[in-house]
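Colleague: Here you go, one structure.
The values are calculated or read from the model by the stated rules, or taken from the named source; none is laboratory data. Keep in mind the model is a prediction, meaning the values are calculated, not measured. As a convention, Cβ positions derive from the backbone with ideal geometry for all residues, glycine included, and neighbour counts pool all protein chains shown. When the accessible area is computed, the model is the full protein with side chains, heavy atoms only, and any ligands, DNA or RNA have been set aside. Shrake-Rupley method; radii C 1.70, N 1.55, O 1.52, S 1.80 Å.
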Amino acid sequence: MVRSADAVWRGKLQDGKGEMKVQSGAFEVPFSFGTRFGDVPGTNPEELIGAAHAGCFSMQFSAMVGQAGFTPNRVSTTAKVHVERVGAGFGITKIELHMEAEIPGMDQATFEQVAQDAKANCPVSKALAAVPEITLDAKLV
């Protein structure tokens, strides 16, 4: 499998504009300095990284729950991507994963172990290994 996405940027950093789109055609979205570093409505690369991480983690967790003999009714994950000044530029310094899952019959200890394994083994977590801190707050409801 090879998945792709495209981005085009026009102009200087602070007053330029860009578009990002994905191979599947599921979306094509504009982005700008204001959507990335300000409060202008729109998306940005870090928000899309968060969506990818939340989605990947949820799927990895669900797969591992299934391997443990359980069926999740619901897995809901939010990824908060922290962007901060690092040296002369900016960097992703932390990602907080907040997950809540409803899994009939699963005990707390098994839940916590599967959640940590999923965090360590989802492909997006592995790809983001350079991020200094990735945390997980997981709740079994």
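Colleague: Quick one: in segment 75-115, of everything that is in contact with a Leu (Cβ under 7 Å, 6 or more places away or on another chain) and not hydrophobic (A, V, I, L, M, F, W, C), which residue is farthest from Gln60 (Cα to Cα)?
Modeller: The selected residue is Gln108.
Colleague: Which one is surrounded by the fewest Cβ atoms within 10 Å (Cβ to Cβ) among residues in segment 112-141 that are part of a helix (DSSP H, G or I) and among the basic types (Lys, Arg)?
Modeller: Going residue by residue through segment 112-141, those that are part of a helix (DSSP H, G or I) are 112-121, 123-127.
Narrowing further to those that are among the basic types (Lys, Arg): 119, 126.
Numbers: Lys119: 19, Lys126: 10.
Checking each candidate, the answer is Lys126.
Colleague: Is segment 102-111 home to any residue that is over 30 Å from Val2 (Cβ atoms), surrounded by 13 or more Cβ atoms within 10 Å (Cβ to Cβ) and polar (S, T, N, Q)? Talk me through it step by step, then tell me what you get.
Modeller: Kept after step one, since they are over 30 Å from Val2 (Cβ atoms), are these residues of segment 102-111: 102-111.
Narrowing further to those that are surrounded by 13 or more Cβ atoms within 10 Å (Cβ to Cβ): 102-103, 106, 110-111.
With polar (S, T, N, Q) added as a condition, the list becomes 110.
Yes, because at least one residue in segment 102-111 is over 30 Å from Val2 (Cβ atoms), surrounded by 13 or more Cβ atoms within 10 Å (Cβ to Cβ) and polar (S, T, N, Q).
Colleague: Would it be correct to say that Gly42 is of a type outside the set (Asp, Glu) and either more than 22 Å from Lys80 (Cα to Cα) or in a loop (DSSP other than H, G, I, E, B) (or both)?
Modeller: Against the criterion (of a type outside the set (Asp, Glu) and either more than 22 Å from Lys80 (Cα to Cα) or in a loop (DSSP other than H, G, I, E, B) (or both)), Gly42 qualifies.
Colleague: Given (1) within 30 Å of Trp9 (Cβ to Cβ); (2) of a type outside the set (A, V, I, L, M); (3) in contact with a strand residue (DSSP E or B) (Cβ under 8 Å, 6 or more places away or on another chain), identify the lone condition not met by Pro123.
Modeller: (3)
Colleague: Related question: May I ask you to verify whether Phe70 is in a loop (DSSP other than H, G, I, E, B) and among the hydrophobic types (A, V, I, L, M, F, W, C)? Steps first, answer last, please.
Modeller: Numbers: in a loop (DSSP other than H, G, I, E, B): yes; among the hydrophobic types (A, V, I, L, M, F, W, C): yes.
Yes.
Colleague: Given the options Arg74, Arg10, Arg3, name the one that is modelled with pLDDT under 95 and open to solvent by 90 Å² or more (accessible area, probe 1.4 Å).
Modeller: Details: Arg74 fails: modelled with pLDDT under 95; Arg10 fails: modelled with pLDDT under 95.
The unique qualifying residue is Arg3.
Colleague: Can I ask one more? Return the pairs, sorted by first residue and then second, in which the second residue is acidic (Asp, Glu), the first residue lies in segment 32-50 and is surrounded by fewer than 18 Cβ atoms within 10 Å (Cβ to Cβ), the beta carbons are less than 9 Å apart, and the residues are 6+ apart or on different chains.
Modeller: Phe33/Asp15
Colleague: Follow-up. Condition (residue is open to solvent by less than 70 Å² (accessible area, probe 1.4 Å) and part of a loop (DSSP other than H, G, I, E, B)) applied to segment 53-61: is it met by at least one residue? Working first, answer last.
Modeller: Quick first cut of segment 53-61, residues open to solvent by less than 70 Å² (accessible area, probe 1.4 Å) only: 53-58, 60-61.
Restricting the remaining residues to those that are part of a loop (DSSP other than H, G, I, E, B) gives none.
No, there is no match, as no residue in segment 53-61 is open to solvent by less than 70 Å² (accessible area, probe 1.4 Å) and part of a loop (DSSP other than H, G, I, E, B).
Colleague: Please verify whether segment 88-99 includes one or more residues that are at pLDDT 95 or above and either assigned to a loop (DSSP other than H, G, I, E, B) or open to solvent by 60 Å² or more (accessible area, probe 1.4 Å) (or both).
Modeller: Checking segment 88-99: not a single residue is at pLDDT 95 or above and either assigned to a loop (DSSP other than H, G, I, E, B) or open to solvent by 60 Å² or more (accessible area, probe 1.4 Å) (or both).
Colleague: Checking Gly16 against (1) out of contact with any Lys or Arg (no Cβ under 6 Å at 6 or more places or on another chain); (2) more than 16 Å from Glu96 (Cβ to Cβ), which single condition isn't satisfied?
Modeller: Checking Gly16 against (1) out of contact with any Lys or Arg (no Cβ under 6 Å at 6 or more places or on another chain); (2) more than 16 Å from Glu96 (Cβ to Cβ), the one that fails is (1).
Colleague: Tally time: how many residues in segment 9-31 are outside any loop (DSSP other than H, G, I, E, B) and without any contact (Cβ under 8 Å) to a residue 12 or more places away in the chain?
Modeller: Initial filter on segment 9-31 (outside any loop (DSSP other than H, G, I, E, B)): 9-10, 17-22, 28-31.
Cutting the leftovers down to without any contact (Cβ under 8 Å) to a residue 12 or more places away in the chain gives us 9-10, 28.
Result for segment 9-31: 3.
Colleague: On to the next question. Of the numbered conditions (1) within 20 Å of the chain's Cα centre (by Cα); (2) over 30 Å from Lys139 (Cα atoms); (3) among the basic types (Lys, Arg), Lys80 fails exactly one; give the number of that condition.
Modeller: Just one mismatch for Lys80, condition (2).
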